[in-house]
Amino acid sequence: MPTKMSIDSKATDLDRNADNEPDPASSSSAEAPGTPSDPQPMGAPSATDAIDERPIASGQKASGQKASGQKASGQKASGQKAVLGFSTQSVHAGERRQKPEGSVSAPIFTASTYTFESTDSLLRFVDGLEERDEYGRYGTPNERTCEAKLAALEGAEEAIIYSSGMAAIVGLLMSRLSAGDEIVFFDQCYHRSREFCTKHLARFGVVTRQVPTGDFDAMEAAINSKTKMLVSESPTNPHLTAVDLEKFVALGKSSEVETLIDATLATPYNSRPIEYGVDFVLHSATKYLGGHNDLLAGVLCGRSEALAPVRALRGVLGSVNSSHNMYLLERGLKTFELRMQRHNENGQRVAEFLDSHPRVERVYYPGLPSHPTHGIAASQMRGFGGLITFLVKGADWKETSRVVDAANIPRIAPSLGGVESLIEQPLVMSYYHCTPEERQQFGIYDNMIRMSCGIENAEDLIADICQALDA
Ligand SMILES: Cc1ncc(COP(=O)(O)O)c(C=O)c1O
């Protein structure tokens, strides 16, 4: 008995009927622009590329340079498929051209259940002859529109949306792992991801092996016949370490183990791990993808075949999102490229300012040459995002709190990637209940501050953090 709606393989066609009505235009065109099997060269140079941002070539790793002769977004040479720009995709992918009542924006489908005209129509559905909605736990029209947009932006065959980033991690690992299996992950990561693996998966007999971030020899040594998945963030939270995706994928392939990258801090604008061959890419869409600090969501991207059982389990776990949230996500995605350009610019400028400030001991930002993984980041990212972690020179935890409290523009809160700048002291925010030994192990210091640069003006953020440091 079918329990899910599968994503239309033409999910990213601009004219795709997001409500699953037949779309004759797309059904005849196997090579329609923007189909998941045709990842868009989203990094092709465009007029909107900021000077300090690196383009990412289509279907290959970032070159760090604009390749001469590369087609600009939207150009189409004879015999070539049309190339749609990143924003064109984020505005239009997955949407019907003509929506109910001629509305330009998406109606919010609040229904928890979907009606059948007759038993015959129900039979067509259960026999798999008709794709349509059935019950909200298996997907909704609003969710599918966002999934199509995110698959297009990520260059993935398919995307699955969850109620949060954590729900996406849990959903994938619960689907992929069984008692006795093992996973190996790089140890710098979001603390709840680590907690889920070490505390909760362990209760179901899954072993988690943590190795130092970026140490591929240690990762290889930790792999054995029971290993099912290699897991990493890139860049990592909160140390902003970029992981060499080429090496990560090579190790996964040579060991015949699947790979997962949590690319929340990078976003598909700055990095597209699927182009390197990563099996699953995950984002907390609560962050840059939603972008307005007003929703929780997670997304998992990958090959349709690999995601089919993961989607089926989501329908059982019930970790779906609401149509209201999906409307907010869809709306947020429309300005995604514009916001990311500003986040990248603000992050770089504030990081450079902090790097030069006498009260700052160290800045963790992959766009700074002083970051240990700057070379890796520069070769595989187009920009470095808005998140910056730094240490206040010689400060104890109280002096560090005073800097946080003196900031007027960034508000004190967890999370990142929204239009409003946020600031926090990891010791007090996320790691307060850890022992000093655990904090030492996780690289969390008393004088550490994490700042998420929003889309305010960089000069205002710099002036504000300057006065906070000087206060
Ligand atoms: C890197 C990373 N992954 C996953 C998550 C979890 O996402 P969510 O808060 O949407 O559950 C977070 C949250 O901060 C994160 O920073």
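Here, each number is a calculation from the coordinates, and none is a lab measurement. Since the structure is predicted, the reported quantities are computational estimates derived from the model, not experimental observations. All Cβ positions, even for glycine, are placed from backbone atoms using ideal geometry, and neighbour counts span all protein chains on display.
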Restricting to segment 142-333, what percent of DSSP beta bridges are antiparallel, rounded to 5?
-> 35
Estimated translational D of segment 203-318 in µm²/s (Stokes, Kirkwood radius over Cα pairs; 25 °C; 0.890 mPa s) | 161
Go through segment 310-317 residue by residue and turn each phi into a ³J(HN,Hα) via Karplus (6.51, -1.76, 1.60, θ = phi - 60°); whole Hz please, and just put x for glycine and proline.
-> 5, 5, 4, 5, 4, x, 8, 5
Inter-part distance where segment 427-471 and segment 87-120 are each reduced to a Cα centre, Å = 42
Please sort by residue number the trypsin sites (Lys or Arg not before Pro) in segment 76-169 whose DSSP state is loop and whose Cβ has at most 16 other Cβ atoms within 10 Å.
-> K76, K81, R97, R132
What list of ³J(HN,Hα) couplings, whole Hz, do you get for segment 117-130 from phi and the Karplus terms 6.51, -1.76, 1.60, once you set θ to phi - 60° and write x for glycine and proline?
-> 5, 7, 4, 4, 5, 5, 5, 4, 6, 5, 7, x, 8, 9
Long-range amide H contacts for G385: which residues qualify at under 5 Å (H placed 1.01 Å from N, peptide plane, sequence gap of 5 or more or a different chain)?
-> N344
Loop-only check: which GluC sites (Glu not before Pro) in segment 78-149 are DSSP coil with at most 11 other Cβ within 10 angstrom?
-> E117
Any residue on another chain or 5+ positions along whose placed amide H is under 5 Å from the amide H of E456 is listed here as S421
Report the relative contact order of segment 298-416, percent, no decimals, based on alpha-carbon pairs under 8 angstrom and at least 6 residues apart.
-> 20
Among 277-284, 438-445, the order from most to least packed when residues are scored by Cβ within 10 Å on average = 277-284, 438-445
Considering amide H positions built from the backbone, and no H for Pro or chain starts, which residues 5 or more places from Q210, or on another chain, come under 5 Å of its amide H?
-> F185
Per the C-alpha gyration tensor (a ≥ b ≥ c, the square roots of its eigenvalues), segment 337-430 is rounded if a/c is under 1.5, else prolate if a/b beats b/c, else oblate; here it's oblate
Sort E420, E459, E154, E182 so the one with the fewest other Cβ atoms within 10 Å of its own Cβ comes first.
-> E459, E420, E182, E154
